[in-house]
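Have a look at the structure below before the remarks.
The values are calculated or read from the model by the stated rules, or taken from the named source; none is laboratory data. Keep in mind that what you see is a predicted model, and the values were worked out from it rather than measured. Note: ideal-geometry Cβ built from the backbone for every residue, glycine included; neighbour counts use all protein chains shown. Please note that ligands, DNA and RNA were not included when accessible areas were found on the heavy atoms of the full protein model with its side chains. Shrake-Rupley method; radii C 1.70, N 1.55, O 1.52, S 1.80 Å.
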Amino acid sequence: MVPILRAGLPMLNGCLEVLPEAKAGFLAIKRDEETLKSTLFYERLPNLNGKTVIIVDPMVATGGSLEYAISVIKKHSPEKIISLNIVASPEGIGNVSKFEDVLFYIGQIDKGLNDKGYIIPGIGDAGDRAFNT
């Protein structure tokens, strides 16, 4: 299980309840609000070689953070990558669909993105909601 910090942390807890023997790794990826470009600022992963990796992140807005996470994880030679997301935009899905070998499980697809790259109608900032900040 690899949550994208910090919004993915609440999903990690639920996933570990379902798969209690899974190991957790962490990727902290921040999106620049001006350029919408994602940057990795923390990586802590167990051995992923030949393993199934489940990336957990509530939202796929532009797809930049998920795209970055997939690229980082692929360098560790997993057997399979699964992305578990709650809500996504069509634009974000379009951007990550180039990863034909990744399985995507998305709960809901919203209308699209606004001019700031936020999903509409969306749920707001998932990390802020989860941690009351």
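Before moving on, here are some points about what is shown:
- The residue of the stretch 2-33 that is surrounded by the most Cβ atoms within 10 Å (Cβ to Cβ), among those that are of a type in the set (Asp, Glu) and not in a helix (DSSP H, G or I), is Asp32.
- Screening Arg44 against (1) of a type outside the set (A, V, I, L, M); (2) under 15 Å from Ile55 (Cα atoms); (3) in contact with a strand residue (DSSP E or B) (Cβ under 7 Å, 6 or more places away or on another chain); (4) open to solvent by less than 40 Å² (accessible area, probe 1.4 Å) leaves a single unmet condition, (4).
- Of all the listed residues (Ser77, Ser83), the sole one being hydroxyl-bearing (Ser, Thr, Tyr), at pLDDT 95 or above and open to solvent by less than 30 Å² (accessible area, probe 1.4 Å) is Ser83.
- Being out of contact with any helix residue (DSSP H, G or I) (no Cβ under 7 Å at 6 or more places or on another chain) and assigned to a loop (DSSP other than H, G, I, E, B) holds for only one residue in Gly94, Gly50, and it is Gly50.
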